[in-house]
Amino acid sequence: MLRNEIAEKDTWDLTTIYRDDAEWERAFADAERDMKTLAPMGETMLDSAEALYQTTKAVFDRNEQITRLYTYAHLKFSADTTSNTARKLMGKAQNLLTAYSEETAFYDTTLLQLAPETLDAYLAEHEGLRAYEILLRDLFRYKPHTLSAAEEQLLAAFQKERETASESYESLTSSDLKFGMIEDENGDPAELTDTNYAMFMRSPDRNVRKAAFTALYKVYHQFRNTFASLYAGQIEAEKSIARVRHYRSALEQALYPDHVTPDIYGNMVDCISERLDVLFRYYRLKKKVLRLDELHMYDIYLPLHAGSRKQFTYEEAKEMVLRACSIFGEEYVSVLRQGYADRWVDVYPCTGKTGGAFSGGCATTNPFILLNFQGLDEDVSTLAHESGHSMHSYYARQNNPPHYADYRIFVAEVPSTVNELLLAYDRLAHTDDKEEKLNILGSLLELYKATIFRQMMFAEFDRMTHALSEEGEILTADMLCEKYYALNEKYFGGEVILDEQIACEWMRVPHFYYNFYVYKYAVGLTAASHIVRRIRNHEPGALDSYFAFLKLGMTKDPIESLKVAGVDMTGTAVFDSAVEIFGELIDEYEALLNEV
């Protein structure tokens, strides 16, 4: 459909941010003017508690002002990227953000010149300043890792060069690699790309899967030395910055913003890698269900259950999500229902609309959800997932001042995944259709396999390659392929035939250029699983602690925030619980499969 063919009720209402583009333009002009008052404040910001307060307040007030402008432009552009008006607003908002970063570059470096005891005295003296205390003290954590102004300026000047490896990787994989043609299920020629590879790997025709697998990795193998050079270069850049900033390792630097230590990271990886027996059970089940004598690497992405798939209207999807969320109580459901009615959601795909889904907004707006709803199972789950993000945002914004009303990525996927899991369990409880149940359970099993075990395998590879580099080893293509193949032997345990091409898979994982990012996916699902189990078991205080977590915003660090929800990521109990749930889902699937 075209944008103007979609009913207004199924589009989001941006008038809650600005009445129209003209009001946005006036607010933009105000922000441009107000922003120019910031830099001069840096000259006197440390002179007194009042000066520090006024500077801090001005910096964050302007941030709220500009973020609101950006939010409107971004949402408008996401809904219709073909609109020249939306593109213009987006460009102006991006330029304003860049200018704001430049105008406020003085703030952190100037603040860190303050003696800690002076900061303590200022906070004790000034009530208004105490409203920013958590933020100020968190900035002070970086004092040992912050360089002189001249050194910081030099590092900033080389920021673009430090991104060369990742940008080259992106160009190589998205534009330059060509994988040729294969035959599809009908015997017709089809071009293989890195994007449609996943589709071919879910083909019911094993010959198609094998052909796609072989053709793709043949090309990656041809470029293995280039990929090894890029990856080694990325690791060298991460190591160099960590060393310059006085971190003990690139791992420590990557984890520092989330208050995660290398020991916690190692504990997560080791805990999962020591419980692979349940994963091996899953592969044995898959081989049985797919009726294969051997399970190859090109078979593992075939859906466990390929039964009939229901279609749902958007109205049905909303009611399903609200019913699943009823376990939270009347307030949560009432707020979410009203949010749907107030057009938080842009529902249907249309020409020019951004693909996928997201939850957006900012501290001074209501949440917004972008969907591309087409009525499939996964679309209903996506609505539940994004609604979880949005309700997290709602509670954080309702219970905190704007500068604490966001949350870190480390915890962001927890509420969204909680809703997704609750939807699946609610659907299982409300259907007697065996095929539907098998489909839901199969999707849950794939979620646990992919999000916990596979991401932790990637996290283990990340840890291994960085450690080898820090020990002085040269990361050649042959070494990386050998290490990655050995890791696959560990995680597939002889249950899957390890076709030799899988040694090259590390080359097509973009997350290895994100500096120890992948483990956060596993954190989201394991934490959510623990919370959902507590809530569904009606444990005393489970709901209260979860709502307390939703309301925290940025007032606690991520590890402490999860502890409020009853999730302790520093031990093994949360990961043990997630693995147990995975095993229970396998039990339930097998029992249902064997029913006469």
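Values quoted throughout were computed directly from the atomic coordinates according to the rules given, and no laboratory measurement underlies them. Since the model is a prediction, treat every value here as computed from it, not as a measurement. Glycine also receives a Cβ, built like all others from the backbone with ideal geometry; neighbour counts cover every protein chain displayed.
For a quick check: sort LEU562, LEU441 by the number of other beta carbons within 10 angstrom, fewest at the front.
In order of increasing Cβ crowding within 10 Å: LEU441, LEU562.
Calculated FRET efficiency, TYR197 and ASP176, Cβ-Cβ r, R0 22 Å, to nearest 0.05?
0.90
Mind checking the angle between helix 262-273 and the chain's longest principal axis? C-alpha axes, 0 to 90 degrees, to the nearest 10.
Rounded to the nearest ten degrees, it is 20.
For the chain, find the longest principal axis of its Cα atoms and tell me its angle to the long axis of helix 49-79, 0 to 90°, nearest 10.
40 degrees
How compact is the range 3-157 by the rule of thumb for globular proteins, expressed as Cα Rg over 2.2 N^0.38 Å?
Expressed relative to 2.2 N^0.38 Å, the Cα Rg reads 1.29.
Per residue, what volume in Å³ does the Cα convex hull of the chain take up?
Here the figure is 170 Å³ per residue.
Classify the range 209-291 as rounded, prolate or oblate, taking a ≥ b ≥ c as the square roots of the eigenvalues of its Cα gyration tensor: rounded when a/c is under 1.5, otherwise prolate if a/b is larger than b/c and oblate if not.
oblate
Translational diffusion coefficient, Stokes-Einstein: compute it for the range 179-218 using the Kirkwood radius over C-alpha pairs as Rh, at 37 °C and 0.692 mPa s, and state it as an integer in µm² s⁻¹.
Reported coefficient: 339 µm²/s.
Based on alpha-carbon centroids, what's the gap between the range 78-121 and the range 195-219 in Å, whole number please?
44 Å
Order 500-510, 516-526, 188-198 from most to least packed using the mean count of other Cβ atoms within 10 Å.
516-526, 500-510, 188-198
What is the gain in length, in nm to one decimal, between SER101 and THR81 on full extension, counting 0.36 nm per residue of separation less the C-alpha to C-alpha distance?
Extra length from SER101 to THR81 when fully extended: 4.7 nm.
So which of LYS218/LYS287; LYS437/LYS556; LYS288/LYS318 end up more than 31 Å apart, counting from Cα to Cα?
LYS437/LYS556; LYS288/LYS318
With just the Cα atoms defining each centre, how far is the range 360-405 from the range 449-526? Give it in Å.
Cα centres, the range 360-405 to the range 449-526: 32 Å.
Using 7 Å Cα-to-Cβ label points, what is the LYS310/GLN113 separation (nm, one decimal)?
6.4 nm
Counting other beta carbons within 10 Å of each residue's own, what order do SER48, SER359 fall into, fewest first?
The order, fewest Cβ neighbours first, is SER48, SER359.
Suppose the chain between ALA157 and ALA341 were pulled fully straight at 0.36 nm per residue; how much longer would it get relative to their current alpha carbon spacing?
Using 0.36 nm per residue and subtracting the Cα-Cα distance, I get 61.4 nm.
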